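Taking it in order: structure first as structure tokens, then the write-up.
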Amino acid sequence: MSFIVETEDLCKRYGDKMALDRLTLRLLQGQVTGLLGPNGAGKSTLLKAIVGLLQPSSGKIEVFGRKPHWSVNARIAYLPDRAQWYKYQTVESALHYGERVFPNFNLARAQRMAEQMGLTPSDSVAALSKGLEARLHLILCLAREAELVLLDEPFSGIDLVSREHIIQSIIDSTLEQHQTILITTHEIHEAESIFDHVIFLENGKLILEGETEVLRSEQGSIESIYRGLYR
């Protein structure tokens, strides 16, 4: 087994609040993992720690066997929550810009994904609906031939059809590139079909994790498990 991300007793404190509280977990290579929990559970904090955007208060985190560092980030594609893009660009110019600035960006793949997801190359980014803009952000992330993909709420606030397009793109990306993908989401009903593994957090602590099919056979759907944990 090869683990892409490993943490041990990882803590992140903001004043009196523990955003991550002695968190110990491992992400297995090649899996799609759902990182689940209510707002404030520590999900986004963990993703930022993986890419080195914040320093832990204590504990250990390793990515590809090293401490998070800019040199490691060439192997990671990260889509933050509430991602923004340059409104003055067209879809086509955004893809070409992505090729120039992102390591290992596959322009042909990005253009193919844009066509499959209903994006017109000449459309202005500023004129895109929220759902179409979310699709563009995902394309710019998944078109990178990165070993680890981090998606923070990629379905947030967008329509059902866009969510379906995004889920299919994640499936295709996993099959084509054998990527390891970590997704935070509240849209569990639509997304749980793509999870190989799930991790549940609350107040920065790990409260449950396991293989999706095992948990389903023991406790029902991932959505029902979520409701039982956080009601």
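What follows draws every value from the coordinates through simple rules; no lab data is involved. Note that the coordinates shown come from a computational prediction; the quantities given were computed from them, not determined experimentally. No Cβ is skipped: glycine too gets one built from the backbone with ideal geometry, and neighbour counts run over all protein chains shown.
At 222 nm, what helix-only mean residue ellipticity would the chain give, in deg cm²/dmol to the nearest 500, using -39500 (n - 2.57) for each DSSP H run of four or more?
-10500 deg cm²/dmol
Dipole of the chain, Cα-centred, from +1 at each Lys and Arg C-beta and -1 at each Asp and Glu C-beta, to the nearest 20 debye?
Approximately 800 debye in magnitude.
Label Asp172 and His189 with points 7 Å out from Cα along Cα→Cβ: what is the distance between them in nm?
Here the modelled spin labels are 2.6 nm apart.
Relative contact order for the chain: what percent, with Cα pairs under 8 Å and sequence separation of 6 or more?
That works out to 27 percent.
Anyone know which of Leu36, Leu53, Leu148 comes out most mobile in the 10 Å Cα GNM of the chain?
Among Leu36, Leu53, Leu148, the largest GNM mean-square fluctuation belongs to Leu53.
Local charge sum around Ile76 (other residues, Cβ-Cβ under 14 Å, Lys/Arg +1, Asp/Glu -1)?
Within the 14 Å Cβ shell, the charges total +1.
Quick one: 3J(HN,Hα) in Hz for segment 107-120, Karplus 6.51/-1.76/1.60 with θ = phi - 60°, rounded, Gly and Pro as x.
5, 4, 5, 4, 5, 5, 5, 4, 5, 5, 9, x, 9, 8
Compute the helix-to-body angle for 91-101: its Cα long axis versus the longest principal axis of the chain, expressed 0 to 90° and rounded to tens.
On a 0 to 90 degree scale, this one is about 60.
If I stretch the segment between Tyr230 and Lys130 completely, what's the gain in nm (0.36 nm per residue apart, minus their alpha carbon distance), one decimal?
Difference between extended and current length: 33.1 nm.
All other residues with a Cβ under 13 Å from the Cβ of Gly42 taken together, and with Lys, Arg as +1 and Asp, Glu as -1, what is their net charge?
Surrounding charge for Gly42 is +4.
On a full-extension model of 0.36 nm per residue, what is the gain between Gln219 and Lys60, subtracting their alpha-carbon distance, rounded to one decimal in nm?
54.1 nm
Can you tell me how much longer the chain between Asn203 and Val101 gets when fully stretched, taken as 0.36 nm per residue apart minus their C-alpha distance, in nm with one decimal?
Numbers: separation 102, 0.36 × 102 = 36.72 nm, distance 3.58 nm.
Stretched out fully, the Asn203 to Val101 stretch lengthens by 33.1 nm.
So in the chain, what percent of DSSP beta bridges are antiparallel if you round to the nearest 5?
55 percent
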